[in-house]
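Here's the structure, in structure tokens; my notes come after.
Just so it is clear, none of the values below were taken in a lab; they were calculated from the coordinates. Note that the coordinates shown come from a computational prediction; the quantities given were computed from them, not determined experimentally. Note: ideal-geometry Cβ built from the backbone for every residue, glycine included; neighbour counts use all protein chains shown.
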Amino acid sequence: MANYFSYLPDFEYVSRLPGATISDYKKVKNIFKRGVLREDIFQNLSFFTKYQVKGDDRPDNVANEVYDDPDLDWLILISNNIINFQSEWPLTQLEFDAFLLEKYGTYAKINEAHHYETVEIKNNSGAINVNEGLQVESDFSISFYDTKIGQQVTVNNSAVPVTNYEYEEGLEDKKRDIFLLKPEYVNVVIDDLEEMMLYKKGSTQYVSETLKRADNVRLYQ
């Protein structure tokens, strides 16, 4: 199938190139026309399957694996409402390492504690008194009455450190959990995309369904 930019309509603006005449125009793709999924599709989970991005995979790798077509990378992005690829898609390992060093300055700081979290604590009957993964102070302690042994129990310093590396890695891992449009609905979305990219009559810039032309104020001066 065609890549995303082939669906974009054209826009002509007044040429500023050296030697251009007063009536010369330059044709470009209108990148401000953005494709989106219809709300009745986007909001319905039955149209999608869950997927986890692996390693350094890019959207085109995922599209090739799922749809046998790397040009459907745009479908991966709009299915997850990803606008800024640089910040919303998982970084490659090299990019991640560079990001950490730029943000924290040194490898020592990368491995310093970002915050502390609880470990799971149960009483002697197997009931959970503290869930794992709660953010707490470094000296977190808990005291509770254990009915099985009939006495008060205190667990001191039960929090574990989460390093800056682990914290940032966790944020990246969350980006890996995405939704993919099921292959049987791809043609429906492409038909929608072709329709939404057409220009409608009513504007002075309208030339055709696939072309608009910017007003040339120099012609009227």
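Observations
- Expressed as a whole percent, the proportion of Cα-Cα pairs in segment 1-45 lying more than 17 Å apart is 57%.
- Listing Phe11, Phe140, Phe85 from fewest to most neighbouring C-beta atoms within 10 Å gives Phe85, Phe140, Phe11.
- Förster radius 25 Å - calculated FRET efficiency between Tyr167 and Ile128, Cβ distance, rounded to 0.05: 0.55
- Separation of segment 1-30 from segment 32-66 is 29 Å, based on Cα centroids.
- Dipole in debye (nearest 20) - the chain, about Cα centre, beta carbon charges: Lys, Arg +1; Asp, Glu -1: 1040
- The alpha carbons of the chain stretch over 91, 44, 32 Å along the principal axes, in descending order.
- Hull shadow area, averaged, segment 26-91 [alpha-carbon convex hull, nm²]: 5.9
- Stretchable slack from Ile82 to Val188, in nm (0.36 nm times residue separation minus alpha-carbon distance): 36.2 nm
- Above-threshold pairs, the threshold being 28 Å between Cα atoms, out of Lys103/Lys175; Lys175/Lys200; Lys29/Lys175; Lys29/Lys50: Lys175/Lys200; Lys29/Lys175; Lys29/Lys50
- Net length gained if the chain between Ile149 and Ser46 were fully extended (0.36 nm per residue, minus Cα distance): 32.1 nm
- Largest first and in whole Å, the equivalent-ellipsoid semi-axes of segment 99-169 read 34, 10, 6, each the square root of five times a Cα gyration tensor eigenvalue.
- In this simple spin-label approximation, Asp177 and Leu211 carry label points 7 Å from Cα along the Cα→Cβ vector, and these lie 4.9 nm apart.
- Cβ-Cβ FRET estimate between Glu195 and Thr21, R0 fixed at 35 Å, reported to 0.05: 0.45
- 5 angstrom amide H check on His115, placed H, neighbours 5+ away: Val162
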